[in-house]
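In what follows, a structure is listed as structure tokens, so that the remarks can point back to it.
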Amino acid sequence: MNTLISLKSRIISEALRDLLKREDDCDNCFLIEHGNAAFDYRPDVIIVDNESLTHDFVSQWPEAKLILLDTGLPQEEVVTLLLLYMLHGVLSPDMDVSLMRRALKAVHGGQIWIDNDCLKALLCEAGTITKNGRINKASNREQQILDQIALGRKNKEIAAQLFLSEQTVKAHLSRIFKKFNVSSRTQLLSLINRAH
């Protein structure tokens, strides 16, 4: 199995490679990608963190299976990344090395690897983002407001654009915050940006 490790931190990438690499195992090959991967390398599995998901691994290696190394992200963010990037697994930061090796083999064999906490969060949030990148739980009016927020408009501008009162926009935003379990406009913008 060829495994590509692409994490923001090169030192953590190297440490992970050294942990996963066993001297008695010649079937597994690990390569660290840090900005420019060897193009002739064909990974079966790619381990990424949320920072390196901006790379276009899917188009470069469409057959490879992406696994997220969770670096302590909030569960809802992990779920969002799972849905947006169609990840094949999530590696918990506190799993032991032998279990991590099993996870890699399972994903390489065509299975999905997600721990129970992440699976519960995924089931709770399933359907938040649709395949076309729209936020699914939002009503039509809420989606219009979300679209305006994505354009960087303030409440007053949104109200004028949608022919609503500013108070109505605030009420919609309050419901949107509750619906998507966010507490700030910044978190909401982060969710919107990931959906687009």
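The values are calculated or read from the model by the stated rules, or taken from the named source; none is laboratory data. The structure presented is a predicted model; accordingly, all values stated were derived computationally and were not measured. Using ideal geometry, Cβ is built from the backbone for each residue, glycine included, and neighbour counts are taken over all protein chains shown. With ligands, DNA and RNA removed, areas are computed over all heavy atoms of the protein, side chains included. Shrake-Rupley method; radii C 1.70, N 1.55, O 1.52, S 1.80 Å.
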* How many nm separate the modelled label positions at residue 56 and residue 22, each set 7 Å beyond the Cα in the direction of the Cβ? -> 3.8
* Structure fact -> Extension length gain for residue 1 and residue 186 (0.36 nm per residue less Cα distance), in nm, is 62.6 nm
* To do: Can you tell me which of 42-50, 59-67 comes out highest on packing, and rank the rest after it, using the mean Cβ neighbours within 10 Å?
  => 42-50, 59-67
* Asked: So how exposed is residue 56, as accessible area in Å² (1.4 Å probe, rounded to 10)?
  -> 100
